[in-house]
Amino acid sequence: MKVLDPISLAELTEKAALQTRVDRKYVLPRDAALQIMGTVDPRTRVLEIGGERAFRYRSVYFDTPDLISFRLTAHRRRRRFKVRTRTYVDSAACWFEVKTEGYRGGTVKDRLPYELDHQDSVEAGLPFVEEILGSAYPLVPTLVTHYRRTTLYQPAGNSRATVDVDLSWTCADGIGLFLPDIAIVETKTSSAASPIDRLLWARGHRPVSISKYATGLAALRPELPATRWSRTLRRHFR
């Protein structure tokens, strides 16, 4: 990746928080993703904290025993949701997050600070879930994901893009999947396509249907409905 000017977390949050946003996701070989990121507009800036530009993430996803969150996503139902804790491993910070579908298919993310010691438990976050969703669900830990993320800020449209590598998934029963040779690139905009979207399109990469939670769980549990991600699973989740 070319050397880009840094942006602080505070400035990134101010300019491009985008808690309500349109996400476009791409799965491509890791080397191809890094090559494309090396051609971005030189005005692009990269998130830097403490001199570091790639950060480890750990997410724990919670679902009902019958996997209602997964099934709502698999069958493209309205009012689908995801509940997770997200731990920023390098800074030892943790958040509890509820993601829902917003206006015209956009994503809305509501979050609150969470105790690091509670990252594997949903109990302290259940009142927040009920407040956001309007219903109480019997949630249990279902899937854990790990990856390293680089975050880019683009002045055009105040958009963001993330590049995730070293991706791994582990089910509650301990079965795991590690995909070191792929990258997931995600653009986050208010609506219009970002310059990085256009770079990816110019090189033949198109947005795909992928959810780190639902697609990862489908890859680990082949008995689950996975038609929505069948092409992505065949090409990348071997």
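Points worth noting:
- Here the range 5-236 carries DSSP beta bridges of which approximately 95% are antiparallel, counting only pairs with both residues inside.
- Counting Lys and Arg as +1 and Asp and Glu as -1 over every other residue whose Cβ lies under 12 Å from the Cβ of ALA172, the net charge comes to -2.
- Integer Hz, Karplus 6.51/-1.76/1.60 couplings in order for the range 78-89, x for Gly and Pro: 5, 6, 6, 8, 9, 10, 7, 9, 10, 10, 8, 4
- Available extension along the chain between GLU123 and PHE178 is 16.9 nm, counting 0.36 nm per residue and deducting the alpha carbon span.
- Net charge, LYS212 excluded, C-beta distance under 10 Å - Lys, Arg +1, Asp, Glu -1: +1
- Only helices enter the 222 nm calculation for the chain: every DSSP H run of n ≥ 4 contributes -39,500 (n - 2.57), and dividing by all residues gives -6000 deg cm²/dmol, rounded to 500.
- Inter-part distance, the range 161-191 to the range 73-149, computed on C-alpha centroids, equals 16 Å.
- Ignoring lysines fewer than eight residues from LYS15 along the same chain, the ones with Cα atoms less than 24 angstrom from its Cα are LYS2, LYS25, LYS99, LYS109, LYS188.
- Rounded FRET efficiency, nearest 0.05, which uses the C-beta distance separating SER209 from ARG238 and R0 of 25 Å: 0.90
- Highest-MSF residue in the chain out of GLU186, GLU48, GLU123 [GNM, Cα springs under 10 Å]: GLU123
- Near LEU224: Cβ cut-off under 12 Å, other residues only, Lys/Arg at +1 and Asp/Glu at -1. The net charge is 0.
- Pair LEU112, ARG77: separation of 7 Å Cα→Cβ label points (nm): 2.5 nm
- Counting 0.36 nm for each residue step from GLU131 to SER230 and taking away their Cα separation leaves a gain of 32.2 nm.
- Across the range 5-236, Cα pairs under 8 Å and at least six residues apart give a relative contact order of 26 percent.
Just so you know, all these numbers are worked out from the coordinates, no wet-lab data involved. Keep in mind the model is a prediction, meaning the values are calculated, not measured. Virtual Cβ from ideal backbone geometry, glycine too; neighbours counted across all protein chains shown.
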